[in-house]
Amino acid sequence: MLIPFYNRTVRPVICVFAKAARPGHVKTRLLPALTAERAAELHRAFVETLLGRVLTLDAAVELHTDVPSGDWLHPGIGRRLQAAGDLGERMLHALKGGLAGGAPVAILGADSPDLPLAHVSWLLQSEADVGFGPAEDGGYWGIVARRVHPEMFRGVNWSTATALDDSLRATRDAGLSTALGPTWYDVDFPADLERLSASAELPEALRELVRSSVRLPSHCGSLFHIPEMG
């Protein structure tokens, strides 16, 4: 069953999905090149930066965390816990909640702190039932919904190179129209930090944190010469 169309007069909602910044539970693909503590510090800063940037848009902003967290206490930002289940079930719950309030709903991941605001604006302006912001790794950095369906994420292989293609197929099979926005990248692996450090979109404090992380020694040697993972 389709959830009814949103109300065009209501401000859109941007939900930032983020894990609590617990060492050993976040940015684990940066290990062992970085310590678990430094990876968590970067994650905390990524979320803080992304929240600050999307707050400048004409949208209501909510932070959805996996467990309760004392970080990111911004006035004016709604706080919610993600629902139980896999990523699709958690996103569907958040999308349905926003649509029930009459607003189009976008969800952003926390792995792209320098995501251009023009990309986010594309999501908010998309006229399709479901719009996706593709990521270079085959996933997506964001999604927006005007309508949803209980089966729209059926059979998606999360955290794989087919996540976007799987989502497009499932969404279309559920009878929803789709659109693809501009592509961006996630910061998942050590080499991504070097790319991020050159971004013009970063505040200086985060730029210095990223650059100092790039220079950190590890028992594996240089940050950008760690053994290739299978």
Query raised in the report: In the set ALA163, ALA128, which member is surrounded by fewer than 24 Cβ atoms within 10 Å (Cβ to Cβ) and either among the β-branched types (Val, Ile, Thr) or under 19 Å from HIS93 (Cα atoms) (or both)?
Result: ALA163
Query raised in the report: What residue, of LEU115, LEU81, is modelled with pLDDT of 95 or more and either touching a Lys or Arg at 6+ places or on another chain (Cβ under 6 Å) or surrounded by 15 or more Cβ atoms within 10 Å (Cβ to Cβ) (or both)?
Result: LEU115
Report summary line: Picking from GLY131, GLY142, GLY138, the residue that is under 22 Å from ASP165 (Cα atoms) and either among the basic types (Lys, Arg) or in contact (Cβ under 8 Å) with a residue 40 or more places away in the chain (or both) would be GLY131
Report task. Starting from segment 146-165, take each residue that is without any contact (Cβ under 8 Å) to a residue 12 or more places away in the chain and closer than 24 Å to PRO12 by Cβ and list its partners that are β-branched (Val, Ile, Thr) and part of a loop (DSSP other than H, G, I, E, B), counting only C-beta distances under 7 angstrom and pairs at least six apart or across chains. Result -> none
Requested in this report: Residue by residue through segment 89-109, note down the ones that are in contact with a helix residue (DSSP H, G or I) (Cβ under 8 Å, 6 or more places away or on another chain) and either at pLDDT 95 or above or among the acidic types (Asp, Glu) (or both).
Outcome: VAL105, ALA106, ILE107, LEU108
**Report entry** Matching option when the condition is under 19 Å from GLY133 (Cα atoms), basic (Lys, Arg) and either at pLDDT 95 or above or loosely packed, with under 14 Cβ neighbours inside 10 Å (or both), among ARG169, ARG215, ARG195
**Finding:** ARG169
Report summary line: The residue that is surrounded by the fewest Cβ atoms within 10 Å (Cβ to Cβ), considering only those in segment 85-101 that are within 16 Å of LEU63 (Cα to Cα) and small (Gly, Ala, Ser), is GLY97
Query raised in the report: Looking at LEU57, LEU63, which one is surrounded by 21 or more Cβ atoms within 10 Å (Cβ to Cβ) and in contact (Cβ under 8 Å) with a residue 24 or more places away in the chain?
Result: LEU63
Report task. Test each condition in (1) out of contact with any helix residue (DSSP H, G or I) (no Cβ under 8 Å at 6 or more places or on another chain); (2) without any contact (Cβ under 8 Å) to a residue 60 or more places away in the chain; (3) under 26 Å from ALA128 (Cβ atoms) for GLU204 and report the one that comes out false. Result -> (3)
Report task. Quick one: which residue in LEU108, LEU51, LEU81 is free of Cβ contacts under 8 Å to residues at least 40 places away in the same chain and closer than 19 Å to PRO12 by Cβ? Result -> LEU51
Query raised in the report: Which of the residues spanning segment 172-192 are modelled with pLDDT of 95 or more, surrounded by 15 or more Cβ atoms within 10 Å (Cβ to Cβ) and part of a helix (DSSP H, G or I)?
Result: ASP192
Query raised in the report: If you take just the strands (runs of 3 or more DSSP E) that sit entirely in segment 66-162, which of them hold at least 2 residues that are of a type in the set (A, V, I, L, M) and under 13 Å from the mean Cα position of the chain (by Cα)?
Result: 105-108, 140-145
Query raised in the report: Scanning segment 163-196 for residues that are among the aliphatic types (A, V, I, L, M) and over 19 Å from ILE107 (Cα atoms), which turns out farthest from the chain's Cα centre (by Cα)?
Result: ALA174
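The values are calculated or read from the model by the stated rules, or taken from the named source; none is laboratory data. Nothing here was measured: the structure is a model prediction, and the numbers come from that model. Cβ coordinates were reconstructed from backbone atoms using ideal geometry, including for glycine residues, and neighbour counts include every protein chain displayed.
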